[in-house]
Each structure stands twice: as structure tokens, then as C-alpha cells.
Amino acid sequence: MLPLRLSPSPQRRTLLFSLILFAMAAVEPPAPAPVPASAAVEPTLPHHDVKLFNRWSFDDVQVSDISLADYVGVVPAKHATYVPHTAGRYSVKRFRKAQCPIVERLTNSLMMHGRNNGKKLMAVRIIRHAMEIIHLLTDLNPIQVIVDAVVNRSCPREDATRIGSAGVVRRQAVDISPLRRVNQAIYLLTTGARESAFRNIKTIAECLADELINAAKGSSNSYAIKKKDEIERVAKANRIDYVKFGFICVPTGDWPMSVSHYMVRALFKVLR
């Protein structure tokens, strides 16, 4: 009696598999349903659906200072992200940091001093907690509060720089560029929050939320407001005294005219 073969040979298995594939290919698939012409292909996610931490929208955020509008990244079509972590190489080229979203710039500024370098996830967690606190205390969009704190109150308009080489060095007041104003504001806000949280029972997120709220309101309790006023006060004290250097600036029409103080004395004598 021949033994019973429970499984087919490899050749038979190959032949059986080929027949199954041939039978499947012979069956025509059903025709797809026609797509109506009115149905337009929508993008996967419009920018107005992208919200920071899936909660805060970029659509209603306004930059009140027109001179800083190009340096505060809150445009929904360009800067709307779910988390403030785009992994962009903004330091490779000069002025490229102006394209970075403003919330991510604030996040990056928290990673200061050696023990905090590279801890981006910790900084993102702090920003998220601070934004929740801001929303609870003010019932406003936290992104708008951050923009108001940076643009309206915390950025100085004038600073003093050192003029001269070794030996005779003096300070002179100069205007600050828009990008530098935004950089200074972000630095002062995060520095104030960091110093306030040091040896304090309050967390860094709570201190950052308080600093942003006070700066947005223009309160004197804000560290950034105090430092901004100090910077502008020092700059004002170092402005050039044109009368002291022998001429003053007299506005005549569209252009100022430099007039010697001798001419001013002669004019005063005539008027007397």
C-alpha cells in the first residue's frame, strides 16, 4: 500500500499558486464611481486649522507696531505650527532668525546657561504650561499676549554705544534696529522670568506667565519694563549736545539746517 501524502510537492504548490494568481487577474475589478466635477480637491490642512499645541490659533494675532511686523513671526501661512520646534537652521545666515516663529524664539531663549543648553523639550513644556496659565488669568489668546509683551512694552528704542579706541572712550546714544529691538525684548523677558524663579517656590512657568502678563500691560512690576526704561534713560543721558559742540539743529522746511552758535547770538541781538 502506497503512503498517503498529506501535502503537495513543491512543484504542485508552485503550479497551484500560479493558477490562483491567473484566476485573480482574469477577474475585472469594478469600475470606480465617477467623481463629480464640482468636488474640488482640498488641501490636507489649511493654515487656519493649524493651532499651537492644538489649542491656540494664529489667525487673530495682531502686531500693533508696523516697524516690527516683519520681525515678529506670527503670520498663519508661514509660522503656524503645532509645537514651537521647527528644527530650522536660523543661525546659519545673517538675519534669517527673523523668519523663526516668535513663540519658538521665546522657547529657544529659555535654553540659556550651560545646564539648560539643548533641553528643547523642557523649554517647550515650560512654554505650554505658561500659556495655559496666561489663558486662565487673562482669558485671552496667549500668543497675542506674547506678541504684546514683545512689541508694545519690552523693546527699547534707543541705546548707548561706546565710541572711540583705547584711551579716550565715550558713550553715544544710537537708535536700535527693529530686529535688535525684538532680540532685546525676548532676552529681557526670559531673563526676568529666570531670575524671578531662582530660589522661589513658584515654578519657571508661573514666573514666565507673570512676566509676560505684566509686560503686556506695561506694569512696573515687569523686569523687562524696568530694564528697558534703564537702557533708554542711559541713552538719553548720552545724547549729543549740539549747542555744546558749536552748532544747533534748526528745522527749516523738510530738512534741518546746522547753524553756528555765533549766528544764533547775532540773531538774538537783532531780535532784542
Report summary line: Residue hits (segment 197-229; closer than 20 Å to Met122 by Cα and either hydrophobic (A, V, I, L, M, F, W, C) or surrounded by 17 or more Cβ atoms within 10 Å (Cβ to Cβ) (or both)) are Ala197, Phe198, Ile201, Ile204, Ala205, Glu206, Cys207, Leu208, Ala209, Asp210, Glu211, Leu212
Query - Residue that is polar (S, T, N, Q) and outside any helix (DSSP H, G or I), where the choices are Ser165, Ser196 - result: Ser165
Report task. Return only the number of the condition from (1) within 11 Å of the chain's Cα centre (by Cα); (2) closer than 18 Å to Ala205 by Cα; (3) outside any loop (DSSP other than H, G, I, E, B) that Ala98 does not satisfy. Result -> (2)
Report summary line: Log entry, pairs with first residue in segment 138-150 being of a type in the set (Ser, Thr, Tyr), second being part of a helix (DSSP H, G or I), beta carbons closer than 7 Å, six or more apart or on different chains, reads Thr138/Val145; Thr138/Ile213
Requested in this report: Filter segment 140-155 down to residues that are at pLDDT below 90 and part of a loop (DSSP other than H, G, I, E, B) and give me whichever is nearest to Trp56 (Cα to Cα).
Outcome: Ser154
**Report entry** Leu137 among the hydrophobic types (A, V, I, L, M, F, W, C), in a helix (DSSP H, G or I), modelled with pLDDT of 90 or more and more than 16 Å from the chain's Cα centre (by Cα)
**Finding:** yes
Query raised in the report: Leu179 versus (1) surrounded by fewer than 16 Cβ atoms within 10 Å (Cβ to Cβ); (2) under 16 Å from the mean Cα position of the chain (by Cα); (3) under 19 Å from Ala209 (Cα atoms): which is the lone unmet condition?
Result: (3)
**Report entry** Tyr187 being crowded, with 20+ Cβ neighbours inside 10 Å, within 20 Å of Thr107 (Cα to Cα), assigned by TED's automatic domain parsing to the domain that holds Asp60 and among the aromatic types (Phe, Trp, Tyr)
**Finding:** no
Requested in this report: Within segment 195-216, track down each residue that is among the charged types (D, E, K, R) and within 16 Å of Ser109 (Cα to Cα).
Outcome: Glu195, Glu211
Query raised in the report: Among the listed residues Ser91, Ser109, which satisfies the condition of being within 23 Å of Asn152 (Cα to Cα) and either assigned by TED's automatic domain parsing to the domain that holds Ile176 or of a type outside the set (Gly, Ala, Ser) (or both)?
Result: Ser109
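Residues are listed down the side, and each one gets a yes or a no for (1) within 18 Å of Val61 (Cβ to Cβ); (2) touching a Leu at 6+ places or on another chain (Cβ under 8 Å):
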position	(1), (2)
Glu132	yes, no
Gln172	no, no
Arg181	no, yes
Thr190	no, yes
Glu195	no, no
Ile225	no, no
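The values are calculated or read from the model by the stated rules, or taken from the named source; none is laboratory data. Predicted model, so just to flag it, every value in this text is computed and none were measured. As a convention, Cβ positions derive from the backbone with ideal geometry for all residues, glycine included, and neighbour counts pool all protein chains shown.
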